[in-house]
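Below is one structure, written out as structure tokens; the observations come after it.
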Amino acid sequence: MKKKTAKVSSFIEQMHNFIISNPQFRRDTRNKTETQIQAELRPILLSYLEKYFQAKGYKDYTAKTNKSFYWEGQEGQYGKCRATTFGARNYPDFIITNPYLIAVEYKQSSSGSTIKHGIGQSIMHTLCEDFHYVYYLFHDQNKDKKIRESFSNDTEKFIIEKMWKDFNVFIALV
């Protein structure tokens, strides 16, 4: 398991804040499929990486961004060479390869079992050492936001902290 630094923690936290504060980030996803929301997230993630690389002094920060970002189904290095685990490939929704190797998972549901499924997928990404870190974003589609509210419970707080501490899985919920 790759060691976490303050820099990687800051990168992922800033990425999360950039995503959820972006005006293009959809709050209500109940009438959209997961694939549609992922298509909306892709340019937001690209924009974050461009701003990051521009601030780091890259002259062609757009090219650096494009070399550092992949999405599920895209042709190239990360599309075909994934090892199988339990008969299936570990392939996240998005992959950031630079400045850190980060799998990005997105799920949406009104069911608590879906968030658990995503946590399991995320753990597989780091346990198999395909990725060093995972950013897992979950949209609670309940009108009363009961899944989001559960994050204040002691058990859920413990799980979220343990996922980041022991498995390098950063869980965020909106």
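The values are calculated or read from the model by the stated rules, or taken from the named source; none is laboratory data. No experiment lies behind these values; they were computed from the predicted model shown. We place every Cβ from the backbone using ideal geometry, glycine too, and count neighbours over all the protein chains shown. We work out accessible area using only protein heavy atoms, side chains counted, and drop any ligands, DNA or RNA first. Shrake-Rupley method; radii C 1.70, N 1.55, O 1.52, S 1.80 Å.
Remarks
- Accessible surface, the chain, averaged per residue in Å² (probe 1.4 Å): 55 Å²
- At most 12 other Cβ within 10 Å, DSSP loop - chymotrypsin sites (Phe, Trp or Tyr not before Pro), segment 4-36: none
- Karplus-derived HN-Hα couplings along segment 140-154 (A = 6.51, B = -1.76, C = 1.60, θ = phi - 60°), whole Hz, x at Gly and Pro: 7, 8, 6, 4, 8, 6, 5, 6, 4, 5, 5, 5, 8, 6, 4
- Cleavage-rule hits (trypsin sites (Lys or Arg not before Pro)) in segment 1-30: DSSP loop, at most 13 neighbouring Cβ within 10 angstrom: Lys2, Lys3, Arg27, Arg30
- Spatially, segment 120-135 and segment 1-48 are offset by 17 Å when compared through their Cα centroids.
- Carbon/sulfur fraction of accessible area - the chain, other protein chains in place, 1.4 Å, %: 50 percent
- Segment 85-162: chymotrypsin sites (Phe, Trp or Tyr not before Pro) falling in loop per DSSP and having at most 10 other Cβ within 10 Å: Phe86
- Rounded, prolate or oblate (a/c below 1.5 giving rounded, otherwise prolate when a/b exceeds b/c) for segment 1-49 by Cα gyration tensor: prolate
- Given (1) 19.3; (2) 16.7; (3) 20.3, the label whose value is Kirkwood radius over Cα pairs in Å derived from this model: (2)
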